[in-house]
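These notes are about the structure you will find just below.
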Amino acid sequence: MSLLLFDATLCLLLLVLALASILSRQLVHGVILYIAFGLMMALAWARLATPDLALAEAAIGAGLTGALCFSALARQQLHLPVVLSWPQRLWPAVFVLLMLGGVLAALLQLPPTASPLVDVAQAELINSGVSHPVTAVLLNFRSWDTLLELVVLLLALLGALQVAPAAKATTSWPLSLSWSRLLAPMVILLAGYLLWAGASQPGGAFQAGALLAAGAVVLRLNHQLNWLRWSNFWIRLLIVSGVSAFVLAALLAMLLTTDNTDVIWLRWPPQLAGGFILLVELFATLAIALTLTLLVVGEPAAAEQAQQNSGGEAHD
Amino acid sequence: MIDSTGQLSTLSMVLSSLLLMVGLFFFIAGSIGMLRFPDSFSRLHAVTKADSLGLGSIVAGLMFYGELWQNLLLLLIWLLVLASGSVSCQLLARFAKTQQDKT
Amino acid sequence: MMVLLLVLPLVGALLMLLWPKIAPLLTLLTATICSLAALQLLLQVSEQGSQQILLAGWPSGLAISLEANSLSCLLILLTTVLQLLVALYAFATYRRDKLGTGFWPLSSLLQLGLTSLWLSRDLFNLYVCLELLGLVAVALVSLSGDKAIKPALNYLLLSLFGSLCYLLGVAMLYGAYGVLDISALALQWQTNILSTAALLLMTLGLMLKAALWPLHGWLPAAHGAAPAPVSALLSALVVKGPLFILCLLWLQLASAPQAVAIAPLFTGCGLAALLLGGVSALRTPFAKNMVAYSTVAQLGYAMLALGLLLRFNQPLFAAALWLFVLAHALAKAACFLAIGEITATLGGKRLNTLKGASQTMPLAMFAFAVAGGSLIGLPPSGGFLAKWALLQGLWLQGDQLLWLLAIVLATLLSAAYVFRVVVLAFDRADPVAPDFAPRILPQWLALLPALAVWAMALYSEPLLRLLKQEGL
Amino acid sequence: MTDLSPQLLLYIGTAAGLFAIGLYGFIVGPQTLRRILALNIIGAGIFMLMVVLAYRGLADGAADPVLQALILTGLVVAVSATAFALALLARLKQARPGQYRPEQEPGP
């Protein structure tokens, strides 16, 4: 019961941060409070012992979303904070309280028993090719969801590249340059470990991809990876390889099951399932890392190209 | 540190809780420093120094509970936080300087 | 066969991303093959009954189940045929209209999203399909440059909010019943506060995404600003996806008391959509916005049919609902392509640029008039079939005079905004000169779906039989 | 009237609270960036509810893997949608710095 106090403070902190981020006068304060909220959410996932989500939330939710918000904020002209009159806030507040009441009334009727799917998933875990249940569900039991979700990620990148204005030129300091160079090998090592651990412990394609993306973003902001752009064919091939590896593996699996069972889409042959999943996860990690990087930093402006070949020397 | 029954000996219990308290104190000092100090440079200074030191003593305090490789991981975390803290502090200071020169 | 319909657009889109040069031809190729496959699937299903596959072969609760009943196959055929038609139109006009190169992969991904939505019977999988559909639609709308950014962003935010509400409903249902498959859920469905609240949340989300009457604010600006082929695809198909899920939920999941309780909401919103949508279509000075408002109005018919179906449980209303969806998809595609072609050639966004269009661009105007006839519901067209089934159902229910009056009023309103364009087109006093020589092929392509809507009367008997017993 | 453990109740209350705060922010939020943040807060609230649902009735604390996979999928979908929305916002700000009367007549 001693942890109840910790839970209470954590929940209170979450609610206060969210409220402050919404109601804050300045937009900058709203964004910073939101990033703090994201970190607290990662802590909440860790407290609820779902390490997969804590990793993903910390890397994607707080990190990349925060970076995205700041780049969007940089473009925002700092105009006067808009003050809403009282009636404008009253009606939405009443509507929100009604919705909250309805949702809470419904939630209190939730039965305490777990869903029967848990034991089914546990039973099927043996021939799913991986020992970590979450990865088994993601890449074997409900792999169609994961495939569609990779397509959603690719789609967001297509939309963003088609719409986004040229990235703003960033200045890079020698210290941040050397720090990003020091950080890069560690990030790659960690991402590889996360990917490999995904089969047996918490980890997997998304967390490893997000970590790689974080490292790449830091390097990119110091004018390091300027070859990393959509027009470069190989980068495009790697980004598309996330989804295409999944589809090709599924087609290959269909060919391999020519024995008695009928041909079913996305069914990995039981004995090769582990290998298939690792292959798919490898490509998915690379694709997710590149996609998230391009989403955060966008295309390097042409001006930066000229500066790139003269080496990232310091700007005084 | 951990005797056969898995219970911490009283000495290490006292030591670790002492270290944790010191860490807590540094964190509180850092936050108060950030709120009270007049200009951004001194605020930056307060936050970075106090928090890194606070984290260090908290890591030391936690080392009583974990095995060897867990402690090494904790140490790695502390080094990482130290490095990234100082780099970001230097970046912020540089930015604040350029803002100051501009106005 | 189902797998081919899913894999082909995906592989096509991936290849187009790698080699943009071959994108137009590849889109046409995949659309043709998919249309043939969809036709073959429809014939197969109408003979042997609906096919069901459990993806990856795991036991029923765990795996995602895809089901192809005759209605889904009909909708997939509609999707692939319209995709082929719009791809042809875009192929004929993309150099002139400087259509973004992103159109081709996005339209294939749109076809993937729609096909997987029509087939899926798993609540969370439907959420991912909804999200995929929303993002593709916004990316397509933002193709036409700076003027479309603001409506696209507004559309994206509302679409995201809609799918989050839907996700909350799914989370509550999974929490209560522990299973995601719709048929399994229907077996253990109890009517208590939780299931009602979940259904209401999902309905709120889906009505927001399907631009049904009170929550349709984003549609006119988004469909008006999008390029012509995109707005044809959006109005004809994308808006129908969430409506399909809404029907799935209320017809298969909801229990009788819940259905009867919600029926007045749907019928009321349907009527309001018909009347207010019609009035807005009459008032707006912009050509494409007028057609977009008519989408909002025509969706009112579908919601009215759904409300009546929930209340009276008469199979005729189910047939009327899906006939409206089919007829409106074809007619709206023709309208948007025709109006897009005319406004592009005569060089203007407002309705008065259509002055004398029947002289300068007779074929496109003819296509718009024919499609408008189906929107109004003139006898031999698909729209008439749907309205006739609706009226027949009402007639069988006994004294429903109020509904008959409302439907007649709605028909008059839709006639008003269609004839508003036709009158302008026949005002040959000082016709607006076209900027360049009007091209025949795009006008013929705009005419094709209009003729298809009128041809629906020829094969109406099998269509009615198929849709009546379907009832989802 | 419910037999969930007090700890789960606390988190369910927080999840519903986050949903409500996000909903309020989405409706009221004057700036578009704030509405995007509000959407993320709603997402966080819903995911927290799903995590708590994953916990009921399991003695050994191993959460329901199916739900964790759903949440992971939802998280990545939410991030990609947010990234796209922010790209659109950046283009909007660059396209027209000041206010401008929308050319189309706004919806009723």
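Are there any pairs with C-beta distances below 7 angstrom linking a residue in the range D:9-29 that is within 7 Å of chain A (Cβ to nearest Cβ) and closer than 20 Å to D:Ile71 by Cβ to a residue that is among the acidic types (Asp, Glu) and surrounded by fewer than 24 Cβ atoms within 10 Å (Cβ to Cβ), with the two at least 6 apart or on different chains, and if so which? Close Cβ pairs (under 7 Å, with a partner that is among the acidic types (Asp, Glu) and surrounded by fewer than 24 Cβ atoms within 10 Å (Cβ to Cβ)) amount to D:Leu10/A:Asp7.
On the stretch given as the range B:54-87, residues that are within 14 Å of another protein chain (Cβ to nearest Cβ) and of a type outside the set (Ser, Thr, Tyr) total 11. Taken residue by residue, the range A:142-151 has at least one member that is under 30 Å from A:Ile22 (Cα atoms) and either away from chain C (no Cβ under 13 Å) or part of a helix (DSSP H, G or I) (or both).
Checked against (1) polar (S, T, N, Q); (2) under 30 Å from D:Ala69 (Cα atoms); (3) modelled with pLDDT under 85, A:Thr285 passes all but condition (3). Checked across the range B:5-23, the condition of being over 23 Å from A:Val187 (Cα atoms), among the β-branched types (Val, Ile, Thr) and either surrounded by 15 or more Cβ atoms within 10 Å (Cβ to Cβ) or in contact (Cβ under 8 Å) with a residue 40 or more places away in the chain (or both) holds for at least one residue.
If you go through the range A:45-78 and keep only what is over 27 Å from A:Ala199 (Cα atoms), touching a residue at least 40 places away in the same chain (Cβ under 8 Å) and assigned to a helix (DSSP H, G or I), you end up with A:Ala67, A:Leu68, A:Ser71, A:Leu73, A:Ala74, A:Arg75. Those helices (runs of 4 or more DSSP H) of the range C:370-472 in which 3 or more residues are closer than 22 Å to C:Leu304 by Cα and in contact with a Ser or Thr (Cβ under 9 Å, 6 or more places away or on another chain) occupy C:382-396, C:401-426, C:460-470. Residues that are closer than 16 Å to C:Leu119 by Cβ, of a type in the set (A, V, I, L, M) and in a loop (DSSP other than H, G, I, E, B): does the range C:1-23 have at least one? Yes; the residues of the range C:1-23 include at least one that is closer than 16 Å to C:Leu119 by Cβ, of a type in the set (A, V, I, L, M) and in a loop (DSSP other than H, G, I, E, B). Residues that are over 23 Å from A:Trp144 (Cα atoms), more than 12 Å from chain A (Cβ to nearest Cβ), in contact with a helix residue (DSSP H, G or I) (Cβ under 9 Å, 6 or more places away or on another chain) and buried (at least 24 other Cβ atoms within 10 Å of the Cβ): does the range C:90-112 have at least one? Looking for residues that are over 23 Å from A:Trp144 (Cα atoms), more than 12 Å from chain A (Cβ to nearest Cβ), in contact with a helix residue (DSSP H, G or I) (Cβ under 9 Å, 6 or more places away or on another chain) and buried (at least 24 other Cβ atoms within 10 Å of the Cβ), one finds at least one in the range C:90-112, hence yes.
Yes or no: the range A:79-87 includes at least one residue that is more than 14 Å from chain C (Cβ to nearest Cβ), in a helix (DSSP H, G or I) and at pLDDT below 90. Yes; the residues of the range A:79-87 include at least one that is more than 14 Å from chain C (Cβ to nearest Cβ), in a helix (DSSP H, G or I) and at pLDDT below 90. Being of a type in the set (S, T, N, Q) and within 23 Å of C:Leu82 (Cα to Cα) narrows it down to one residue among C:Gln48, C:Gln44; which is it? Of C:Gln48, C:Gln44, the one residue that is of a type in the set (S, T, N, Q) and within 23 Å of C:Leu82 (Cα to Cα) is C:Gln44. Taking every residue in the range A:186-211 that is on the phi > 0 side of the Ramachandran plot and free of Cβ contacts under 8 Å to residues at least 24 places away in the same chain and pairing it with any residue that is assigned to a helix (DSSP H, G or I) and small (Gly, Ala, Ser), at least 6 positions away or on another chain, yields no pair with a Cβ-Cβ distance below 6 Å. Once the range A:7-39 is narrowed to residues that are within 9 Å of another protein chain (Cβ to nearest Cβ) and among the β-branched types (Val, Ile, Thr), the residue that is nearest to A:Leu68 (Cα to Cα) is A:Val31. Of all the criteria given as (1) surrounded by fewer than 23 Cβ atoms within 10 Å (Cβ to Cβ); (2) within 8 Å of another protein chain (Cβ to nearest Cβ), the one not satisfied by C:Ala198 is (1).
Just one of the listed residues (C:Leu276, C:Leu304, C:Leu299) is among the hydrophobic types (A, V, I, L, M, F, W, C), surrounded by fewer than 24 Cβ atoms within 10 Å (Cβ to Cβ), modelled with pLDDT of 90 or more and part of a helix (DSSP H, G or I), and it is C:Leu276. Considered as a group, the residues in the range D:68-80 that are touching a residue at least 12 places away in the same chain (Cβ under 8 Å) and facing chain A (nearest Cβ under 7 Å) include one that is surrounded by the fewest Cβ atoms within 10 Å (Cβ to Cβ), and that residue is D:Leu75.
When you check B:Ile28 against the structure, is it within 14 Å of another protein chain (Cβ to nearest Cβ) and of a type in the set (Val, Ile, Thr), yes or no? So B:Ile28 fails the test. Residues in the range C:56-67 that are more than 7 Å from chain A (Cβ to nearest Cβ) and surrounded by 22 or more Cβ atoms within 10 Å (Cβ to Cβ): C:Leu66 alone.
Across the range A:219-244, the number of residues qualifying as of a type outside the set (Lys, Arg), outside any loop (DSSP other than H, G, I, E, B) and touching a residue at least 40 places away in the same chain (Cβ under 8 Å) comes to 8.
Of the residues making up the range C:113-141, those that are in contact with a strand residue (DSSP E or B) (Cβ under 7 Å, 6 or more places away or on another chain) and at the interface with another protein chain (Cβ under 9 Å from one of its Cβ atoms) are C:Ser120, C:Asp122, C:Cys129.
The condition of being under 20 Å from C:Ser70 (Cβ atoms) and either surrounded by fewer than 21 Cβ atoms within 10 Å (Cβ to Cβ) or of a type outside the set (A, V, I, L, M, F, W, C) (or both) holds for only one of C:Leu237, C:Leu251, C:Leu265, C:Leu246, that being C:Leu251.
The single condition among (1) away from chain A (no Cβ under 14 Å); (2) among the β-branched types (Val, Ile, Thr); (3) not in a helix (DSSP H, G or I) that C:Ile53 does not meet is (1). Answer yes if at least one residue in the range A:117-133 is out of contact with any Gly (no Cβ under 8 Å at 6 or more places or on another chain), more than 14 Å from chain C (Cβ to nearest Cβ) and either part of a helix (DSSP H, G or I) or aliphatic (A, V, I, L, M) (or both), and no otherwise. No, the range A:117-133 contains no residue that is out of contact with any Gly (no Cβ under 8 Å at 6 or more places or on another chain), more than 14 Å from chain C (Cβ to nearest Cβ) and either part of a helix (DSSP H, G or I) or aliphatic (A, V, I, L, M) (or both).
Here D:Ile41 meets each of (1) within 26 Å of A:Ala213 (Cα to Cα); (2) more than 7 Å from chain A (Cβ to nearest Cβ); (3) at pLDDT 90 or above with one exception, condition (2). Residues in the range C:29-51 that are hydrophobic (A, V, I, L, M, F, W, C) and closer than 13 Å to C:Leu8 by Cβ were compared, and the one that is surrounded by the fewest Cβ atoms within 10 Å (Cβ to Cβ) is C:Leu36. Restricting the range A:233-253 to residues that are in contact with a helix residue (DSSP H, G or I) (Cβ under 6 Å, 6 or more places away or on another chain) and small (Gly, Ala, Ser), which is farthest from the other protein chains (Cβ to nearest Cβ)? Step by step, filter the range A:233-253, then rank; the result is A:Ala249.
If C:Gly393 satisfies all but one of (1) crowded, with 22+ Cβ neighbours inside 10 Å; (2) without any contact (Cβ under 8 Å) to a residue 60 or more places away in the chain; (3) over 21 Å from the mean Cα position of the chain (by Cα), what's the number of the condition it fails? With (1) crowded, with 22+ Cβ neighbours inside 10 Å; (2) without any contact (Cβ under 8 Å) to a residue 60 or more places away in the chain; (3) over 21 Å from the mean Cα position of the chain (by Cα) applied to C:Gly393, the lone miss is (2).
Give the residues of the range B:66-87 that are of a type in the set (Phe, Trp, Tyr) and farther than 23 Å from A:Leu175 by Cα, sorted by residue number. If the condition is that a residue be of a type in the set (Phe, Trp, Tyr) and farther than 23 Å from A:Leu175 by Cα, then B:Trp69 is the only one that fits.
The values are calculated or read from the model by the stated rules, or taken from the named source; none is laboratory data. Quantities reported herein were computed from a predicted structural model and do not represent experimental measurements. Cβ coordinates were reconstructed from backbone atoms using ideal geometry, including for glycine residues, and neighbour counts include every protein chain displayed.
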